[in-house]
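Report on one structure; see the data block that follows.
None of the figures in this text is laboratory data; all of them are computed from the coordinates on show. Since we're looking at a predicted model, the values are computed, not measured. Every residue, glycine among them, receives a Cβ derived from its backbone with ideal geometry; neighbour counts consider all protein chains shown.
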There are 2 protein chains.
Amino acid sequence: MTYCVGISVREGLVMIADTRTNAGIDNIATFRKLHVIEEPGERIMVVCTSGNLSVSQAVLNYLQEGIENPDTGALDTLLTMPSMFKAAQLIGRAIRTVYATDGRSLEEHNGRFDVALLFGGQIKGGKMRLFMIYSAGNFIEVTVDTPYLQIGEHKYGKPILDRAVNYNTDIGDALKVGLISMDSTMRSNLGVGMPIDILVARRDAFKAEINHRIEPGEPYYHDLRERWSAALRAAHIAIPRPPYATGKSGVLDVE
Amino acid sequence: MTYCVGISVREGLVMIADTRTNAGIDNIATFRKLHVIEEPGERIMVVCTSGNLSVSQAVLNYLQEGIENPDTGALDTLLTMPSMFKAAQLIGRAIRTVYATDGRSLEEHNGRFDVALLFGGQIKGGKMRLFMIYSAGNFIEVTVDTPYLQIGEHKYGKPILDRAVNYNTDIGDALKVGLISMDSTMRSNLGVGMPIDILVARRDAFKAEINHRIEPGEPYYHDLRERWSAALRAAHIAIPRPPYATGKSGVLDVE
């Protein structure tokens with residue numbers, strides 16, 4: 001499994017990804033899923049991947065080596081794209097190119113052509129944007145109303161995002177809440193695991209402010225997990241016990 | 001969707017179920033999913049249902065009207081079963097009976113034979129037990145290590161159970177944590193909704209201590225939701241912001 005979350009707040013972009021891959025529960029490995037493309041002062045782009053690893057790696061290879069532009073014959077890469085929208089379209093083209101090569105063969109061998117990406121960043125002259133790109137190559141974008149997107153094992157970590165993140169959230173708090181969301185996911189799904197890659201980019205900075213790997217045992221993250229556990233424990237203990245007594249019964253009652 | 005959770009602690013049994021059913025998002029209705037079979041002083045049994053409503057209702061009908069016992073010719077119902085294990089087997093037989101009647105036809109019409117049940121309770125002379133019964137009619141039971149079982153939309157509400165419930169949890173606290181788990185689920189999945197049915201039965205009491213429907217706006221539950229939200233907000237605000245600065249980068253970096 002995988003868990004990646006991207007949060008787009010007023011101050012900028014936060015992206016977080018775990019690193020665990022598994023081919024069955026008896027084949028666990030660590031692969032980077034958060035990839036940064038940076039020309040400081042000009043553009044920052046971040047790609048997070050989930051799904052079949054052979055597919056996502058092939059997509060990344062196409063984005064680096066380039067895909068031939070059918071009109072000009074030039075090789076398009078993420079670095080040659082003039083806008084984030086065009087870049088998201090290029091990622092869609094890369095996915096469709098891999099599907100054309102590998103899709104049928106995967107399906108013939110009981111594999112699934114299964115890939116999803118988060119793609120965030122900003123190119124000078126354009127806005128900061130954050131997209132989620134599906135295996136069909138189509139994509140959606142965050143809005144002010146829903147400022148985050150998730151791929152992979154998204155359910156365990158969604159409640160805290162729904163409660164604690166909105167467009168006006170401080171970017172440091174957005175990172176913190178994203179890390180709590182990752183913690184909730186890791187506790188419930190062993191297929192999501194440390195280390196965790198994080199990326200923070202402020203709007204109009206065109207560079208990473210934080211591009212860091214949190215390793216197991218890293219003190220801040222360990223402390224965050226402990227504090228969050230302790231606070232949840234205190235929170236439910238502080239709520240009074242239910243006052244209910246027996247009331248009306250269900251349809252099968254024989255009373 | 002549905003969310004039901006059963007928790008088996010030292011002091012007894014807690015079962016909680018929502019009441020929302022949907023056939024597509026444009027067809028929402030309220031159906032009771034938590035059903036109590038009680039002979040005070042003799043036996044208490046609780047069935048929670050999820051999955052295809054026509055299947056779960058047919059199963060309940062068989063359990064009330066009886067299924068012919070192939071050996072004796074007598075009609076077996078939940079009230080005639082001598083033990084919780086035998087009763088869980090009867091529910092499995094009821095599911096298989098419905099499958100024999102409706103399974104193929106459902107599949108021919110793009111439906112799924114999809115049902116899961118929680119079954120908890122105690123019969124005089126036996127232990128209190130809590131089972132989860134699958135659509136194949138097989139079942140598993142809680143243990144001291146994992147004292148809860150969920151059916152339906154289980155992921156959103158699982159983290160708080162993992163953190164806050166164990167076999168020695170006070171039964172009132174188990175109900176409280178179960179209600180928090182239901183709240184987290186309802187906030188993230190509109191297919192799970194009020195009212196909520198709750199059942200509490202103490203070990204060796206052979207009757208319901210609480211058998212209650214929580215209606216929308218009910219003061220305690222409203223207060224629980226507000227307090228939990230406020231506590232989560234306070235909890236993440238109290239955690240210091242991350243101290244990270246830019247470190248090593250990903251494979252696609254062009255730095």
Output, in nm with one decimal and in ascending order, the distances from the A:S54 label point to the matching label points of the other copies (7 Å from Cα along Cα-to-Cβ). 4.1
Within region B:159-199, what residues put their amide N at less than 15 Å from the label point 7 Å along the Cα-to-Cβ vector of B:T30? B:192-198
Defining the label point at 7 Å along Cα→Cβ, can you sort the distances from B:I28 to the same site in each other copy, shortest first, in nm? 4.0
MRE, 222 nm, helices only [DSSP H, n ≥ 4, -39500 (n - 2.57), over chain A, to nearest 500]: -9500 deg cm²/dmol
Distances in nm from B:G217 to the matching label points in the other copies, shortest first (labels 7 Å along Cα to Cβ): 5.7
Axis proximity, chain A to B: residue whose C-beta lies nearest, plus whole-Å distance: A:K155, 2
Quick one: work out Rg over Rh on the C-alpha atoms of region A:126-185, Rh as Kirkwood radius. 0.98
Hey, got the Cα dimensions of region B:1-105 along the principal axes, in Å, largest first? 46, 42, 18
Would you mind classifying region B:53-143 by shape? Square roots of the alpha carbon gyration tensor eigenvalues, ordered a ≥ b ≥ c; an a/c under 1.5 is rounded, otherwise it is prolate if a/b is larger than b/c and oblate if not. oblate
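Just the ratio, please: alpha-carbon radius of gyration of region A:136-255 over 2.2 N^0.38 Å, N its number of residues. Don't skip to the answer; put the middle values down first.
Working: Rg = 19.7 Å, N = 120, 2.2 N^0.38 = 13.6 Å.
Rounded to two decimals, the normalised Rg is 1.45.
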Mind checking Rg over Rh on region A:12-61, alpha carbons, Kirkwood formula for Rh? 1.06
Tell me which lysines have Cα within less than 18 Å of A:K158's Cα, excluding those fewer than 8 residues away on the same chain? A:K176, B:K155, B:K158
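Can you give me the convex hull volume of the Cα atoms of region B:59-107, divided per residue and expressed in Å³?
Spread over its residues, the Cα hull of region B:59-107 gives 75 Å³ apiece.
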A:F85 and B:K86 label points (each 7 Å along its Cα→Cβ direction) are spaced in nm at 7.1 nm
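Over region A:94-170, consider all pairs of different Cα atoms and compute the Kirkwood hydrodynamic radius from their mean reciprocal separation; express it in Å, one decimal.
Working: mean 1/r = 0.0677 Å⁻¹.
Evaluated on region A:94-170, it is 14.8 Å.
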Which lysines does A:K124 reach when only Cα atoms under 22 Å apart count, and residues fewer than 8 places away in its own chain are ignored? A:K86, A:K207
Determine which lysines satisfy two conditions relative to B:K33: a Cα distance under 18 Å, and not lying fewer than 8 residues away in the same chain. A:K248
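For chain B, report the translational diffusion coefficient in µm²/s to the nearest whole number, using Stokes-Einstein at 25 °C, 0.890 mPa s, and a Kirkwood Rh over Cα pairs. Write down the numbers at each step before the final one.
Values: Rh = 19.7 Å.
Estimated diffusion coefficient is 124 µm²/s.
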If R₀ is 30 angstrom, what is the calculated FRET efficiency for the pair B:R203 and B:A23, using the beta carbon separation as r and rounding to 0.05? 0.20
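Using the per-residue mean of other Cβ atoms lying within 10 Å as a proxy for protection, in what order, highest first, do the peptides A:158-170, B:197-209, B:6-18, A:207-219 fall?
Details: A:158-170: 18.8, B:197-209: 21.0, B:6-18: 25.8, A:207-219: 17.2.
Descending packing order for the listed peptides: B:6-18, B:197-209, A:158-170, A:207-219.
On alpha carbon coordinates alone, what is the Rg over Rh value for the protein assembly as shown, Rh being the Kirkwood radius?
1.03
Under a Cβ-Cβ cut-off of 15 Å, what is the net charge of the residues other than B:P159 that fall near it, where Lys and Arg count +1 and Asp and Glu count -1? Walk me through the numbers on the way to the answer.
Numbers: positive: A:K155, A:K158, A:R163, A:R187, A:R225, A:R233, B:K155, B:K158, B:R163, B:R187; negative: A:E153, A:D162, A:D183, B:E153, B:D162, B:D183.
Summing Lys and Arg as +1 and Asp and Glu as -1 gives +4.
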